[in-house]
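The values are calculated or read from the model by the stated rules, or taken from the named source; none is laboratory data. Not measured: the values here are computed from a predicted model. Every residue, glycine as well, gets a Cβ built from its backbone with ideal geometry; the counts of neighbours run over all protein chains shown. Only protein heavy atoms, including side chains, enter the accessible area calculation; ligands, DNA and RNA are left aside. Shrake-Rupley method; radii C 1.70, N 1.55, O 1.52, S 1.80 Å.
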Amino acid sequence: MFARALFLPCSTSPSAVRRRIVMCLVLSCAAGAFAATDPAVVEYQVKAAYLFRMAEYVEWPNSAFTGPGEPIRIAVVGSDPLVEILVTMLAGRKANDRSFVVEPSAGGDEVERAHILFVARRDAASVKKLLSGLKSRPVLTITEIPGGLDSGSVVNFVPFDNRIGFEISLGTAERNGLKLSSRLLAVARRVEKGAP
């Protein structure tokens with residue numbers, strides 16, 4: 001993606017060339033930093049980026065928020081590294097004119113207040129119980145376990161070809177009162193239609 005952006009036709013003015021060179025240097029440094037990082041951390045950095053982008057392509061019902069200024073609340077069960085990455089990544093960012101609040105959770109009040117709930121694979125045993133308590137509530141539920149959609153998740157991260165993708169259950173999204181953009185559906189590895 002970045003490589004394509006670097007090779008698009010653009011101005012050859014000195015300032016444009018300087019910007020492209022700086023961009024190449026920044027991307028080279030970033031690539032080196034990622035290469036030296038723990039693969040599990042890189043995995044959660046990718047998933048955090050997906051969560052941010054997903055929030056931009058989900059429409060919650062008005063009743064999901066107490067007002068126009070209420071932030072999107074993300075509850076994370078079972079992954080402290082993801083909490084830290086999300087807090088850093090989402091600082092000062094907005095999706096659909098809403099800021100973010102990220103909270104670690106053990107399945108308590110944070111889950112009840114959440115607009116997005118991420119359940120890590122280390123808590124796979126509690127997924128069905130957590131998700132069944134949220135049926136028909138406007139929560140974007142995200143898991144990373146085999147059979148996550150069968151457990152009632154809207155989105156489930158799946159590995160493929162040494163990359164991370166995701167699958168979507170449209171039936172669960174609709175049951176939860178969420179509208180998913182066709183742009184989000186277009187990049188999913190698999191879209192499960194109909195009732196969950």
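A 1.4 Å probe run over the protein chains yields, for the stretch 73-128, 49 Å² of accessible area per residue, whole-number rounding. Other residues with beta-carbon under 13 Å from the beta-carbon of Ala40 carry, at +1 per Lys or Arg and -1 per Asp or Glu, a net charge of -2. A simple count of charges around Arg53, restricted to other residues whose Cβ falls under 14 Å of its Cβ and scoring Lys, Arg +1 and Asp, Glu -1, yields +3. Sorting the segments 145-158, 38-51 by their residues' average number of neighbouring beta-carbon atoms within 10 angstrom, most packed first, yields 145-158, 38-51. The phi-based Karplus calculation (6.51 cos²θ - 1.76 cosθ + 1.60; θ = phi - 60°) puts the 3J(HN,Hα) values of the stretch 42-57 at 4, 4, 6, 5, 5, 5, 5, 5, 4, 4, 4, 5, 4, 4, 6, 10 Hz, whole numbers, x for Gly and Pro.
I want to verify the translational diffusion coefficient of the stretch 115-196 in µm²/s; compute it with Stokes-Einstein, Rh as the Kirkwood radius over Cα pairs, at 25 °C and 0.890 mPa s.
Answer from the Stokes-Einstein relation: 196 µm²/s.
Spherically averaged projected area of the convex hull of Cα atoms, the stretch 41-107: 4.6 nm². Only the Cβ atoms of Lys and Arg (+1) and of Asp and Glu (-1) were treated as charged; on that basis the dipole of the stretch 138-196 about its Cα centre amounts to roughly 220 debye.
Taking the Cα centre of the stretch 57-196 as origin and assigning +1 to Lys and Arg Cβ atoms and -1 to Asp and Glu Cβ atoms, the resulting dipole is close to 340 debye.
Would you mind telling me the share, in percent, of accessible area of the stretch 153-196 contributed by carbon and sulfur at probe 1.4 angstrom? Can you show the working numbers first?
Numbers: 1150 of 2380 Å².
For the stretch 153-196, the apolar C and S fraction of the accessible surface comes to 48 percent.
The mean of 1/r over all pairs of different alpha-carbon atoms in the stretch 57-196, once inverted, gives a Kirkwood hydrodynamic radius of 15.2 Å. Please report the net charge: other residues with Cβ closer than 13 Å to the Cβ of Ala188, K and R +1, D and E -1. Neighbour charge sum, excluding Ala188 itself: +3.
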